[in-house]
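The values are calculated or read from the model by the stated rules, or taken from the named source; none is laboratory data. Source: prediction; values computed, not measured. When we count neighbours, we look across all protein chains shown, and the Cβ atoms used for this are built from the backbone with ideal geometry, even at glycine.
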Amino acid sequence: MYRQLKQELIDYSKDIGIDKIGFAAADPFLELKQRLIQQQELGYASGFEEKDINKRTNPALLLDQPRSIIAIALAYPSKLDGAPKGKKGERRGLFCRASWGEDYHIILRKKLHLLEQFLQEKLPDVQFKSMVDTGELSDRAVAERAGIGWSAKNCAIITPEFGSYVYLGEMLTNVPFEPDRPMESQCGTCTKCIDACPTSALVQGGQLNSQRCIAYLTQTKDVLPEPFRKHLGNRLYGCDTCQTVCPENKGKHTLRHEEMIPENEQVKPLLEPLLSMSNKEFKERFGRMSGSWRGKKPIQRNAIIALAHFKEVSSLPALANALHEDPRPVIRETAAYAIGQIGGREAEAQLHEALLREKEEAVIEELKKALQSIRSVL
């Protein structure tokens, strides 16, 4: 009966637009548990994860007598058609591919809800617990065990069909579905992702120091540590480097889901207008994207660093306004850094003026460093 139900569920998943589905045993993830303990001891965890490692690795703590886990994957686009190009005076930032279109949490939860309803119609007493990204279980560990793809050296799941450009979700259930076979890694001796990582966050194949990862750093709300600022480039949210260099992703571009199609002006916005954007304007423009979940502050901070990266002289008035008027020390401190990077007499004058009125010690220190940087050039 369960073998037939599994096939019916597979067929139904295709009908509702799920690109891949796999089934795994609900046994504890013992190897993952040891890796997570090591990550915590090394200080490599991001802090965004579920804090309780036991909950992350033992499905029995999340559902009474779980028997299997259903893993799903939805493929997302990797290319921007007709993307606007930034130029002098009109510099643009970039949101990573996983933030294009509608928030993937919403998209996957809708698919999982449909699978839940399907199972309830077949088995009225079925128990389940679904999760996407922010749930207790590791999406990648479940997907690997369920044969969705293999766990790659860049810490992503790579599927033969769609590369690593897939969103993942899962459902714990008390139905004893027969598990699928995991895939063998196809990474071989390739180390392109490790070699290309801008901040050397990929310590080795399959091990990530999240504290150094640009995808993580773009989501923090504090001042970005100086050693990482020059690596940010024009990234506003996330980082795709370890995916774009992967040979398995070459030629992989999927447009199966209309809600994932990116709006070019949304994912490659002009940088300068972001600095003066209100909370309401930010939510109206970016609220449906997953990249908006931390609010506008990290995006504005990153936009300022991007303007510093371009040394965009025309943005000096906007940066000076942020330096003098913004009530948030993080924004003022970052603006001081950017003005120092742009340099010139006008930048020097703005920094001097700010130094006379600034009360926050960290901002004062950044102002002094920025002035010293400009003087050394002048």
Limited to segment 359-377, what total is found for residues that are surrounded by 14 or more Cβ atoms within 10 Å (Cβ to Cβ) and free of Cβ contacts under 8 Å to residues at least 12 places away in the same chain? 1
Has segment 203-216 got at least one residue that is more than 20 Å from Gln39 (Cα to Cα) and outside any helix (DSSP H, G or I)? no
Residues (of a type outside the set (S, T, N, Q) and either in contact with a Ser or Thr (Cβ under 7 Å, 6 or more places away or on another chain) or within 23 Å of Cys242 (Cβ to Cβ) (or both)) located in segment 90-106: Arg92, Gly93, Leu94, Phe95, Cys96, Arg97, Ala98, Trp100, Gly101, Asp103, Tyr104, His105
Tally of residues being within 15 Å of Ala26 (Cβ to Cβ), aliphatic (A, V, I, L, M) and within 20 Å of the chain's Cα centre (by Cα) across segment 98-155: 5
Going by the conditions given, is Glu348 surrounded by fewer than 21 Cβ atoms within 10 Å (Cβ to Cβ) and out of contact with any Ser or Thr (no Cβ under 7 Å at 6 or more places or on another chain)? yes
Could you tell me which numbered condition Gln300 fails, if it satisfies all but one of (1) crowded, with 22+ Cβ neighbours inside 10 Å; (2) within 26 Å of Asp81 (Cβ to Cβ)? (2)
Within the set of pairs 6+ apart or on separate chains, which have a first residue in segment 107-133 that is over 15 Å from Asn174 (Cα atoms), a second that is β-branched (Val, Ile, Thr) and not in a loop (DSSP other than H, G, I, E, B), and C-beta atoms under 8 Å apart? Leu108/Ile72; Lys111/Ile72; Leu112/Ile72
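Each row is one residue, and each column tells you yes or no for (1) at pLDDT 95 or above; (2) in a helix (DSSP H, G or I).
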{"site": "Asp27", "(1), (2)": "yes, no"}
{"site": "Leu32", "(1), (2)": "yes, yes"}
{"site": "Tyr44", "(1), (2)": "yes, no"}
{"site": "Lys51", "(1), (2)": "no, no"}
{"site": "Arg56", "(1), (2)": "yes, yes"}
{"site": "Ala60", "(1), (2)": "yes, yes"}
{"site": "Leu63", "(1), (2)": "yes, no"}
{"site": "Ile70", "(1), (2)": "yes, no"}
{"site": "Ser78", "(1), (2)": "yes, no"}
Can you report the number of residues in segment 145-181 which are touching an Asp or Glu at 6+ places or on another chain (Cβ under 6 Å), under 30 Å from Gln211 (Cβ atoms) and surrounded by fewer than 23 Cβ atoms within 10 Å (Cβ to Cβ)? 1
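Per-residue answers, yes or no, for (1) in contact (Cβ under 8 Å) with a residue 40 or more places away in the chain; (2) of a type outside the set (Phe, Trp, Tyr):
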residue	(1), (2)
Glu136	yes, yes
Arg140	no, yes
Ala152	yes, yes
Ile157	yes, yes
Phe162	yes, no
Leu168	yes, yes
Given the conditions (1) out of contact with any strand residue (DSSP E or B) (no Cβ under 6 Å at 6 or more places or on another chain); (2) among the hydroxyl-bearing types (Ser, Thr, Tyr); (3) under 19 Å from Tyr104 (Cα atoms), report the number of the one that Thr254 does not fulfil. (1)
If you go through segment 98-107 one residue at a time, do you hit one that is in contact with a His (Cβ under 9 Å, 6 or more places away or on another chain) and of a type in the set (Val, Ile, Thr)? yes
Within segment 241-262, track down each residue that is of a type outside the set (Ser, Thr, Tyr), under 17 Å from Asp103 (Cα atoms) and either touching a helix residue (DSSP H, G or I) at 6+ places or on another chain (Cβ under 6 Å) or in contact (Cβ under 8 Å) with a residue 12 or more places away in the chain (or both). Leu255, Arg256, His257, Glu259, Met260, Ile261, Pro262
